[in-house]
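Report on the structure given below.
The values are calculated or read from the model by the stated rules, or taken from the named source; none is laboratory data. Here the structure is a predicted model, which means the values were calculated and not measured. All Cβ positions, even for glycine, are placed from backbone atoms using ideal geometry, and neighbour counts span all protein chains on display.
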Amino acid sequence: MLVSVTAFAQKKDFYSPFFKQGLVGYASVGGATFVTRHTTGSEFAPSAGIGYAFGQGTYLGVGTTYYVHSGDEHTIPIFAEVRHSFLKKSLISPFADLKTGYVFTKPSGSGFLMCPGIGVDVSRFFFEFSFSYDSGKKELLENHSDYGKYDYKNQLLMMSVGVSFKIASAQRI
């Protein structure tokens, strides 16, 4: 069965779009759990990005995510991303990526984001495990018992599934 799926993918050119030069976009949805001490809860995280694939599995892009926490907090990171897929002429290819950027936390906060990940491309679809770390300052509202600014650190283990797609191919001169 896997042999016939692989043969079909090769025939129809269903390889990962990260191996074709040009603009590539992706959309994913994931879930996360906090691993920070004294913090509990989980996250739901839709994400999207756009960037340039260099044709050998390397991709540089930008993206954003919207973390919906199980409490009343929401986090919106804006990041730059570098990604590399390893097996060119294969339906299934492992990859590694790194996202880094700035995080805006609601109700009031902001900080630095670092998110390394590993995963696997299966044609245009991907599955990823990552570790997200963000830190910065938050300001609690006046009606909160601990009113004022404080430093924070969030650490999340994340799992996501998504789809990548070709937006435009590079023109050769």
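A single entry from LYS106, LYS99 fulfils the requirement of being touching a strand residue (DSSP E or B) at 6+ places or on another chain (Cβ under 7 Å), crowded, with 19+ Cβ neighbours inside 10 Å and basic (Lys, Arg): LYS99. Pairs are defined by a Cβ separation below 6 Å, a sequence spacing of at least 6 or placement on different chains, a first member in region 24-45 that is closer than 12 Å to ASN154 by Cβ and modelled with pLDDT of 95 or more, and a second member that is part of a loop (DSSP other than H, G, I, E, B) and of a type outside the set (S, T, N, Q); no pair meets this definition.
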